[in-house]
Amino acid sequence: MKKVILAAIAVMAFGFANAQEQTAKGKWLIEANTGFGSNVGSTSFGLTSVDGETAWNIGAEGGYFVADNLALKVGLGYGDEGDDSSVFAYKIGAKYYAANKFPLEVSYNGVSYKGADENPSYLGLQGGYAWFIGKNVSVEPGIRYNVSLNDDYFKSAFQFNVGFALHF
């Protein structure tokens, strides 16, 4: 029993040390997310079909660690919501890894709809967990709340994301 406990402690210590190395100052982050829930200001991957109308979205985000555990990020996304309605999304923000395992993000998201008079923008707040499954790979499930910055036309919304990140 003593060996099992010591082995478990060693595995957790290795995982913690690996996370510290991957979120160190000067490292890079490339991230792709799948978004569930309201798809607002999305730089994620998504495919939905409602009443025979198919909508899709692709996107990615990248970041640079300006300090240990703190990355500045940018993201781009493009999608089609059907009815000849294309969407371009962009994001800029900061992501902090608390205790090297809990990513917390604040970002500004904007969307440009083809032919729209008013385009939405959001302040996004996100939290989750980073599971480092390899030296350079993490899976990061999280919950995001997008606060609408123009409530007259667009509403605030929750999202559930599963992110896949590469750390270099």
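Where a number appears in this text, it was derived from the coordinates with a stated rule and is not lab data. All values reported here derive from a predicted model rather than from experimental measurement. A quick note on method: Cβ atoms are made from the backbone with ideal geometry, for glycine too, and the neighbour counts reach across all protein chains shown.
Computed over neighbours whose Cβ is under 11 Å from that of ASN69, the net charge equals +3, Lys and Arg +1, Asp and Glu -1. Counting lysine pairs in the range 25-127 that sit 8 or more residues apart in sequence, or on different chains, and whose Cα atoms lie under 27 Å apart gives 14.
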